[in-house]
Ligand code: ASP
């Protein structure tokens, strides 16, 4: 089902991928939705090969999470499995393939939330942990805290025996070129190419970026498992050329990530993070749902508010019945959904069902 609602500042594209068939009224046994970033993503900007590469990457991540849920695994394990694959995939702005700070570094943010007990873990500005979502989960499960930043978060990752990599692991030529153009456009100095960065030739086998790339490439997942538990997780490199230790919405719980079995709702966002923080998007979608609003209208209302403030992006959200909805005010969002009652579907452009 697809509806397009015009609001004052932007067209909100609403896409409800029901967990079951249109006739199905019962809750799906399990359900999963993912995103790989929203933005200006037009058909003309992606070659058939690039379009196929994104769809394949989304399908692979969706299947990794679905395999967990199908075998009776937890929503937390499912969102982590899906996100770790996307963190390793240079197509997305998370883990390997993350965007660069103005100083030429990759500083990664991630969060995970368990809807059953409102427990959560978040990290910001980590530089050496291969899978920031795994670190966020360790913060939730193995520390007395909910949010760690920078060197402390990296040190905790070492203590937890999480895989550490040289910072050059995250380097991709595509994101480096994106940084150089952004800095030149802003009249800011271009830093030295990072030590240990692979040469452009060494990365020649990586897919070329879409033309006119103007998108956010954060990755996220929301899941409902067969025991009725909801979870959400999000991982990102943030915004190209970010400065001064900037942290976006992803690890700010209630902004880019939220899950609550009390509200019956799980959300992961992507977009201009400052606006998602200001509008407390993820928490407000769940609060609206708990207050009786339909999940789609709750998501649309929050995205409309982001647009009114001047921001753009999108969300994926799941309700306790396993219904997945997407809402965006950009022309596209890499996304997908699958459930016990519906086959996997992936989409890129805003006008796809
Ligand atoms: N929301 C992310 C941030 O502001 C960026 C993205 O979605 O790609 O850090």
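A few notes on this one:
- Rounded to 10°, Cα long-axis angle of helix 132-142 versus longest principal axis of the chain: 60
- Sorted largest first, the principal axis extents computed over the alpha-carbon atoms of the range 205-319 equal 43, 35, 27 Å.
- Among 250, 180, 139, the residue with the largest mean-square fluctuation in a Gaussian network model of the chain, with springs joining Cα atoms closer than 10 Å, is 180.
- For the chain, the 222 nm mean residue ellipticity estimated from helices alone, with every DSSP H stretch of n ≥ 4 adding -39500 (n - 2.57) and the total spread over all residues, rounds to -9000 deg cm²/dmol.
- Distance between the range 242-274 and the range 80-102 - C-alpha centres, whole angstrom: 16
- Per residue convex hull volume, Cα atoms of the chain, in Å³: 125
- Relative contact order computed over the range 33-175 (Cα-Cα under 8 Å; 6+ residues apart), in percent: 18
- Burial order of peptide ranges 113-125, 27-39 (average beta-carbon count within 10 Å, highest first): 27-39, 113-125
- Highest-first arrangement of 222-229, 190-197, 305-312, 343-350, where packing means the average Cβ count within 10 Å: 222-229, 305-312, 343-350, 190-197
- For the chain, the longest principal axis of the alpha carbon atoms and the long axis of helix 295-309 meet at an angle near 40°.
- Normalised by the number of residues in the chain, the mean separation of alpha-carbon contacts (under 8 Å, six or more apart) gives a relative contact order of 29 percent.
- Cα→Cβ-extended label distance, 7 Å offset, between residue 118 and residue 60, nm: 3.9
- Percent RCO, i.e. relative contact order, over the range 229-353, from Cα pairs under 8 Å lying at least 6 residues apart: 19
- Length gained when the stretch residue 343-residue 203 is fully extended (0.36 nm per residue, less Cα-Cα span): 47.0 nm
- Rg/Rh (Cα only; Kirkwood hydrodynamic radius) as it applies to the range 127-242: 1.02
- Cα long-axis angle, helix 48-70 against the chain (0 to 90 degrees, to the nearest 10): 60
- Length added when fully stretched, residue 185-residue 161, from 0.36 nm per residue minus Cα-Cα: 4.6 nm
- Kirkwood Rh, angstrom, the range 125-178 [1 / mean 1/r, Cα pairs]: 11.7
We did not get these values from a lab; they are worked out from the coordinates using the rules stated. Just so it is clear, the model here is predicted, and its values are computed rather than measured. When we count neighbours, we look across all protein chains shown, and the Cβ atoms used for this are built from the backbone with ideal geometry, even at glycine.
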